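To start, the structure under review is shown below, and the notes come after it.
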Amino acid sequence: MNKTIVILGTQWGDEGKGKIVDFLTKNVDFVVRYQGGNNAGHTLIVNKKKIILHQIPSGIIHKNVISIIGNGTVISLVSLIKEIKMLEKNNIFPRDRVYISPYASLILNYHIAMDLAREKKLNSSAIGTTGKGIGPAYEDKVSRMGIKVYDLNNLHVLKIKIKRALNYYNYQLVNFYKEKPIDYKTTFNELAESADLILSMVKDVPKILYKAIENKNSIIFEGAQGTLLDIDHGTYPYVTSSNSTVGGVCTGTGIGPKALDYILGVSKVYMTRVGLGPFLTEVFDEIDNYFFIKGNESGSTTGRRRRTGWLDIVLLKKAIKINSLTALCLTKLDVLDELQEIKICVDYKISNVNSSVKKNSFLFLYNTLENIIPVYEILPGWNTSTAGITSFDSLPILAQRYINRIQELVGIPIDIISTGPSRNDTIVLRNPFKV
Ligand code: GDP
Ligand code: IMO
Ligand code: MG
């Protein structure tokens, strides 16, 4: 039986990963975040209460679960403390149940200032980032001038590192971006104020995970963002700055690939994207409004309206390969309930040329999208509510046909289907922990 499960996004994020992690966490020992930071917004709805998590893993609602924030993440302490307090207000007490890797990198206020200044200067060619400082924080990590969680242990060294970073960033902020400089004291105090609390949560993450794997504990590795936002495999440069694909689990926690038993890709039955960048199957006007309203498509982190479009099987197949997916979880089936017809993009072709583009050449060209048009298959809608349905057999026949057609096209099993935002609005065809 599987013990270690990865749950990650196959699209541009917001696929419903948080809901599915929370749903599967009932009998789990650990939930681990391995990349990303508070650019993520994972929504859980439990007993009609909505909780949006940004950095704390989505297993936190369950009392016996240990939540781990791995070395591959970037952490904003200001935002993390806010999240801890928000949970405490909801009678969830994370301080003893969240373990943080000492090697995770910190997001400081100058990263946020740089992120915002760059986006402003880029103007119409901006990425559309979440403005949380993610890119600059990962850049610092890679350029080896980042500040790590373990630096909180030595305030003297921390001061030197912050001064060095501010010399570098303030020069750019003032002279190139014509913005205000960042004040040293504010930066230092933000970290010093929460240092003791954060240090009390620091643990040797790989050691804990090796032991858990040896003891056959169950572990969920929770991805943030999605495959198409991956820094290497996504729609560059309109991506985030980490590896949100499966490789990020290993580099971001310290365990090897053979330790992963089962990899679940989460996909909406349509698609959305916040921020800019190519989106071949994007829809506009009436149908976009339908998805926006029925799917409640506003970003969980920034509140921005999400762009919407039809499911793209070519990209989904790419996500299956990159991540070695064992199975898929399809979410938001209920959002399609009122459509007369539903489109699925099954291929691409170059306009004016009556033949399909070879997938590889297409994927290479995706960022320009010049002359590439989607080939759609059209399926009939079911025009009846699937909201909250918990068994496949209770779905309308046309909805079953739609799911079966997707499975046929992608060639891997669909193990879970989500029919609403609440934990229990879920159909389980195969429980990942029981196969
Ligand atoms: P994540 O970032 O992948 O965890 O996804 P988000 O939480 O950002 O966005 C998913 C949104 O869809 C949230 O508002 C969820 O409450 C909601 N959601 C998840 N699954 C379903 C579903 O099956 N049906 C509907 N209607 N909403 C869902
Ligand atoms: P979850 O985990 C959707 C997008 C931003 C922008 C691009 C780069 O909730 O699925 P960044 O701030 O990371 O430098 O922004 O990535 N983005 C997300 N979109 N869901 C997310 O996370 C996202 N995290 C980042 O909108 O297009
Ligand atoms: Mg989200």
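The values are calculated or read from the model by the stated rules, or taken from the named source; none is laboratory data. Quick caveat: nothing in here was measured; it's all calculated off a predicted structure. Using ideal geometry, Cβ is built from the backbone for each residue, glycine included, and neighbour counts are taken over all protein chains shown. When the accessible area is computed, the model is the full protein with side chains, heavy atoms only, and any ligands, DNA or RNA have been set aside. Shrake-Rupley method; radii C 1.70, N 1.55, O 1.52, S 1.80 Å.
Of everything in the stretch 283-302, what is in contact with a strand residue (DSSP E or B) (Cβ under 8 Å, 6 or more places away or on another chain), modelled with pLDDT of 95 or more and either outside the structural domain of Ala387 (by TED's automatic domain parsing) or open to solvent by 20 Å² or more (accessible area, probe 1.4 Å) (or both)? Give them in sequence order.
Answer for the stretch 283-302, where residues must be in contact with a strand residue (DSSP E or B) (Cβ under 8 Å, 6 or more places away or on another chain), modelled with pLDDT of 95 or more and either outside the structural domain of Ala387 (by TED's automatic domain parsing) or open to solvent by 20 Å² or more (accessible area, probe 1.4 Å) (or both): Ile287, Asp288, Phe292.
Name every residue in the stretch 96-106 that is within 23 Å of the chain's Cα centre (by Cα) and open to solvent by 10 Å² or more (accessible area, probe 1.4 Å), in order of residue number.
If the condition is that a residue be within 23 Å of the chain's Cα centre (by Cα) and open to solvent by 10 Å² or more (accessible area, probe 1.4 Å), then Arg97, Tyr99, Pro102, Tyr103 are the ones that fit.
Consider Lys178 against the criteria (1) within 21 Å of Lys148 (Cα to Cα); (2) more than 26 Å from the chain's Cα centre (by Cα): it satisfies all of them except one. Which criterion is unmet?
(1)
Of the residues in the stretch 62-76, how many are buried (at least 20 other Cβ atoms within 10 Å of the Cβ) and more than 15 Å from ligand 2 (Cβ to nearest atom)?
Number of matching residues: 5.
Consider Glu83 against the criteria (1) out of contact with any strand residue (DSSP E or B) (no Cβ under 8 Å at 6 or more places or on another chain); (2) closer than 22 Å to Leu191 by Cα; (3) surrounded by fewer than 24 Cβ atoms within 10 Å (Cβ to Cβ): it satisfies all of them except one. Which criterion is unmet?
The one condition Glu83 does not meet is (1).
Take the residues in the stretch 1-27 that are open to solvent by 10 Å² or more (accessible area, probe 1.4 Å) and more than 11 Å from the chain's Cα centre (by Cα); name whichever of them is farthest from ligand 3 (Cβ to nearest atom).
The extreme case among them is Met1.
A quick yes/no check of all residues on (1) open to solvent by less than 10 Å² (accessible area, probe 1.4 Å); (2) not assigned by TED's automatic domain parsing to the domain that holds Asn27:
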{"position": "Asn167", "(1), (2)": "no, yes"}
{"position": "Thr187", "(1), (2)": "yes, yes"}
{"position": "Ala195", "(1), (2)": "yes, yes"}
{"position": "Ile208", "(1), (2)": "no, no"}
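What pairs come up if the first residue lies in the stretch 245-269 and is aromatic (Phe, Trp, Tyr), the second is modelled with pLDDT of 95 or more, and their beta carbons are under 6 Å apart, counting only those six or more places apart or on different chains?
That search, which allows pairs on different chains as well, returns Tyr262/Ile5; Tyr262/Thr326; Tyr262/Pro432.
Restricting the search to the stretch 213-244, which residues are assigned to a helix (DSSP H, G or I) and open to solvent by less than 10 Å² (accessible area, probe 1.4 Å)?
Residues satisfying the conditions are Thr227, Leu228.
Need the failing condition index for Lys49 against (1) more than 16 Å from ligand 3 (Cβ to nearest atom); (2) open to solvent by less than 20 Å² (accessible area, probe 1.4 Å), just the number.
With (1) more than 16 Å from ligand 3 (Cβ to nearest atom); (2) open to solvent by less than 20 Å² (accessible area, probe 1.4 Å) applied to Lys49, the lone miss is (2).
Kindly indicate which of Ser101, Ser79 is at pLDDT 95 or above, more than 14 Å from ligand 2 (Cβ to nearest atom), over 22 Å from Lys434 (Cα atoms) and of a type in the set (S, T, N, Q).
The conditions single out Ser101.
Give the residues of the stretch 419-435 that are open to solvent by less than 30 Å² (accessible area, probe 1.4 Å) and in contact with a Phe, Trp or Tyr (Cβ under 8 Å, 6 or more places away or on another chain), sorted by residue number.
Scanning the stretch 419-435 gives Thr426, Ile427, Pro432.
For Gln55, which of the numbered conditions (1) open to solvent by less than 30 Å² (accessible area, probe 1.4 Å); (2) away from ligand 1 (no atom under 16 Å from the Cβ) fails to hold?
Gln55 satisfies every listed condition except (2).
In the stretch 303-325, what residues are charged (D, E, K, R), closer than 25 Å to His54 by Cα and either assigned to a strand (DSSP E or B) or not assigned by TED's automatic domain parsing to the domain that holds Leu228 (or both)?
Within the stretch 303-325, Arg305, Arg307 qualify.
Every residue in the stretch 274-332 that is within 13 Å of ligand 2 (Cβ to nearest atom) and over 30 Å from Ser351 (Cβ atoms), please.
Ser298, Gly299, Ser300, Thr301, Thr302, Gly303, Arg304, Thr331
Taking the conditions exactly as written (over 20 Å from Asp22 (Cβ atoms) and more than 16 Å from ligand 3 (Cβ to nearest atom)), does Gly254 satisfy them or not?
yes
If Met271 passes every condition in (1) away from ligand 3 (no atom under 16 Å from the Cβ); (2) in the same structural domain as Arg307 (by TED's automatic domain parsing); (3) among the aliphatic types (A, V, I, L, M) but one, which one does it miss?
Of the numbered conditions (1) away from ligand 3 (no atom under 16 Å from the Cβ); (2) in the same structural domain as Arg307 (by TED's automatic domain parsing); (3) among the aliphatic types (A, V, I, L, M), the odd one out for Met271 is (1).
Looking for whichever is within 22 Å of Asp425 (Cα to Cα) and among the basic types (Lys, Arg) here; the options are Lys332, Lys318, Lys343. Which one fits?
Selected residue: Lys332, the only one of Lys332, Lys318, Lys343 that is within 22 Å of Asp425 (Cα to Cα) and among the basic types (Lys, Arg).
Restricting attention to the stretch 24-45, which residues are at pLDDT 95 or above and farther than 19 Å from Ser300 by Cβ?
Listed by number, the residues that qualify are Leu24, Val28, Asp29, Phe30, Val32, Tyr34.
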